[in-house]
Structure formats: C-alpha cells, structure tokens
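Student: Let me give you the structure first, and then I'll get to my questions.
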Amino acid sequence: MNINDLIPDYVRKFEAYIPSKPDHLLMKEYGAPFLHRLNNNENFLGPPEAACRVIHDFESGRALIYPSGDSYDLRTALAEKLGISENRLLVGNGSCEVISALIKALCEPGDNIITADKTFAVYEWVAEFSGIEARLVPLRDYAFDPQAMLDRIDRRTKILFLCNPNNPTGTYWTESELTSFLEKAGEDRIVVIDEAYCEYVEADDYPDGLRLMERFPNVVVFRTFSKMYALAGLRVGYLVGTEEVVDVVRRTFVAYSVNNLAQQAARAAILNDKEHIAKTRKIVNEARFFLKGVCGKIGLDCVGGQGNYLMIRSPVNDLLMYRRLMKKGMMVRSMTGFRFPGWIRVTLREMGVMEAFADVLTDEIKALV
Ligand SMILES: *Cc1c(COP(=O)(O)O)cnc(C)c1O
C-alpha cells in the first residue's frame, strides 16, 4: 500500500503542526534549571476558587460515567449568565473543536473562508486540511483590514473569521468598525467573532458580539475557558449562534467530547467570576505597563494593546532569541510561524516572573550588541 495514493491532495500538502515537547524534556535539552511558560497566554493566577474546589473534590466514581453529551448543566449556566437560550450554545473540547465543526458543517471544496494573514492560525489550518481555500488578507498597522477583507468576498465565501482582540497583535475592532463591516459583508455568509480574550478588554468602544447578533443573525461568537478562566488544561470552549446555525453545526459534532471534570469546573468558574476577572486584569495591566517600559529602555519595539500578551521585536532571528531565552528558563513564542519573523510574543503574568524575564531579556540584548 502506498499511503499517498489514499489521501487527498490537500492533506498530502498540509504541513502538520508540531506541538512543543513536555517541559521536563525542554529543560534537559536547554540545560534550564526551571521554566517559566510565557508562550501560550495562560493565566497563572489559576482558575477561579469555585472551579479549584470542583477540581480538588472530583470523585473517581465520576470518571467511569460518560459526561453529559451536550454539556447540559454548563450550557444552562452559560445561558443564564449570557441571557440567551441554551439552544444557542455549542460547547466543545476547546474552542478549536467548535471552529473545526463550523467549517466542516458549512464548507465543501470550492468554497472559501476569509481571515487575516497574521492571526490565530487554526481557522486557516482547518480550512486547508479540509480542502477549503483560506484567503488571507494582510494586516494593516497590525490590525485587521476591513475593506481589504470585503474586497475578497465572492459567491463561494462561506465564513469570515475575525479575531477580537487579535492574537497576537492585541488590536481590536471597535463597535462602529465592526457594525459597518457587518452591514457591508451581507447576510449570505457567516461572520465569526473569536472573543477568546474578551474578558481582558477594558476599552469602552469594544463591541459585545452577542449583542451584535441581535441585529446580524449571521454572526457567530467563539469564547473559551482557556484564557481568563485558566482552564486551558481541561479544554473547554463554546460557540454562540442563532438556534438555526447551532442546529446545523451540531450535525458535524461528536457528542461526549467534553469530559465530566471540564464541564463541572467550567460551570463553577463562571458562577462568581467578578473578583477573579478584576484580579487577573490588574496583574496583566501591571505587567503590560512594566514590560513596555523595559522595551523602551532597551530600545526594542513592542506591540500590544488588549489581551494578556505583548509582541516584542527581536534584534536577532526569533528562533535564535527563543533558544537563548530558553537556556535561561524563559519560554516565549517565536513568531515566524505567525508570519512575524523577528518577533517574539510574551504572556503577561505576575510581576515576579515579568521582572525575571526583563532581566534575562536585558542581558541578552546587552550580549548581542
Ligand atoms: C487561545 C485561543 C483560543 C482558544 O482555544 P481553545 O481551543 O479554547 O483552548 C481561541 N482563539 C484564540 C484567538 C486564542 O488565542
């Protein structure tokens, strides 16, 4: 058997994503005595207290029982919090799973999706390994370019993916920009607003995708428990759409993909989250202010507004910078894969780690010039 004879062209051509090795192997490889993760935008404050209790008290007897196949209790809690019907929610094993389900449900070869060239890459990846054309529109001043995206729409455009705020640049669509875009994009296609970092945003003109959906029923919103709620390891994310859209996406969705513990912890996380969000925002804002100051002092450009991350321009190749920082126990994201060669992205965390990172970065810059 020649496996290449069995697979579609678009799968053969697709280059698989290579996940990073486990921390203990990386520490050995780089000779690092410890490792601070600054690469995945996790929230190191940890999950909200109520979620921590659920995780701690999880009984082994629950492990032998299948979870609710449609995350019933979690959807009910989310529906109440968001003020919508639970039938408008689809919960997945991370929002990546719902991204994939949406594309599978709507697109066939010959169709296309439109997104930015430098944004969360999963939209583009799922489209390409499914044989769907991904039209990538260059960012403009580090932000999505609405008019250039509209110009790429044709009869076969099924979905437009917007990331608000954008990962990795931290720019955001304002309410008026987004409204005007939705008016022009028309009703004959889906517009996804990925709000993975919405709980971090404090700007007054930041739009709530759920409210826009009242006027534009072709809007679909993605949210996740991986970032603000610090449950990345349990994998929970969800989609909000009209009942009609959710009904369709559910067809290509494997039930039981969200485990028992994840469903319970996520439900607890949102019951009383005000203090958790306020605390996290304070940590992130302090870190952003500090790190921008450090960049200014050592003469490095940086980009970052919203979200718990900051992009920094490295004076040397980003992979080289990644390796140098790794040896000192600092794991950042090298950005060549995001089409930002020469940049690194750093997760904004508690000051202790930020100061340690700033010292290491400053030393490296001194050693390089
Ligand atoms: C982290 C992230 C997600 C979340 O993915 P999960 O599968 O829910 O962990 C989604 N979109 C963006 C832009 C992200 O940065």
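Student: Condition check: touching a strand residue (DSSP E or B) at 6+ places or on another chain (Cβ under 8 Å), crowded, with 23+ Cβ neighbours inside 10 Å and assigned to a strand (DSSP E or B). Does LEU325 satisfy that?
Tutor: no
Student: Would you please list the contacts, defined by Cβ atoms under 6 Å and residues six or more apart or on different chains, that run from a residue in region 264-275 that is among the acidic types (Asp, Glu) to a residue that is outside any helix (DSSP H, G or I)?
Tutor: The qualifying pairs are ASP273/PRO48.
Student: Please enumerate the residues belonging to region 60-83 that are farther than 21 Å from PRO217 by Cβ, in a loop (DSSP other than H, G, I, E, B) and open to solvent by 30 Å² or more (accessible area, probe 1.4 Å).
Tutor: LEU64, ILE65, TYR66, SER68, GLY69, ASP70
Student: Being in a helix (DSSP H, G or I) and within 10 Å of the ligand (Cβ to nearest atom) is the filter here; which residues of region 101-131 pass it?
Tutor: At the first step, the residues of region 101-131 found to be in a helix (DSSP H, G or I) are 101-106, 122-129.
The answer is VAL122, TYR123.
Student: Touching an Asp or Glu at 6+ places or on another chain (Cβ under 7 Å), farther than 22 Å from VAL249 by Cα, of a type in the set (A, V, I, L, M) and surrounded by fewer than 23 Cβ atoms within 10 Å (Cβ to Cβ): does that describe ALA232?
Tutor: yes
Student: Does region 355-365 hold any residues that are touching a helix residue (DSSP H, G or I) at 6+ places or on another chain (Cβ under 8 Å) and surrounded by fewer than 22 Cβ atoms within 10 Å (Cβ to Cβ), and which are they?
Tutor: GLU355, ALA358, VAL360, THR362, GLU364, ILE365
Student: Here's another thing I want to ask about it. Looking at GLU86, is it under 26 Å from the mean Cα position of the chain (by Cα), surrounded by 12 or more Cβ atoms within 10 Å (Cβ to Cβ) and outside the structural domain of ARG333 (by TED's automatic domain parsing)?
Tutor: For GLU86, the condition - under 26 Å from the mean Cα position of the chain (by Cα), surrounded by 12 or more Cβ atoms within 10 Å (Cβ to Cβ) and outside the structural domain of ARG333 (by TED's automatic domain parsing) - is met.
Student: Could you pull out the residue among THR224, THR171, THR252 that is within 15 Å of the ligand (Cβ to nearest atom), open to solvent by 30 Å² or more (accessible area, probe 1.4 Å), in contact (Cβ under 8 Å) with a residue 40 or more places away in the chain and not aliphatic (A, V, I, L, M)?
Tutor: Only one candidate qualifies: THR171.
Student: Hey, another quick one. Examine region 153-166 for a residue that is within 16 Å of the ligand (Cβ to nearest atom) and either open to solvent by 10 Å² or more (accessible area, probe 1.4 Å) or in a helix (DSSP H, G or I) (or both), and state whether such a residue exists.
Tutor: No, the conditions are met nowhere in region 153-166.
The values are calculated or read from the model by the stated rules, or taken from the named source; none is laboratory data. Note that the coordinates shown come from a computational prediction; the quantities given were computed from them, not determined experimentally. Quick reminder, even Gly has a Cβ in these numbers, built from the backbone with ideal geometry, and neighbours come from all protein chains shown. To get the accessible areas, we keep the full protein, side chains included, count just its heavy atoms, and leave off ligands, DNA and RNA. Shrake-Rupley method; radii C 1.70, N 1.55, O 1.52, S 1.80 Å.
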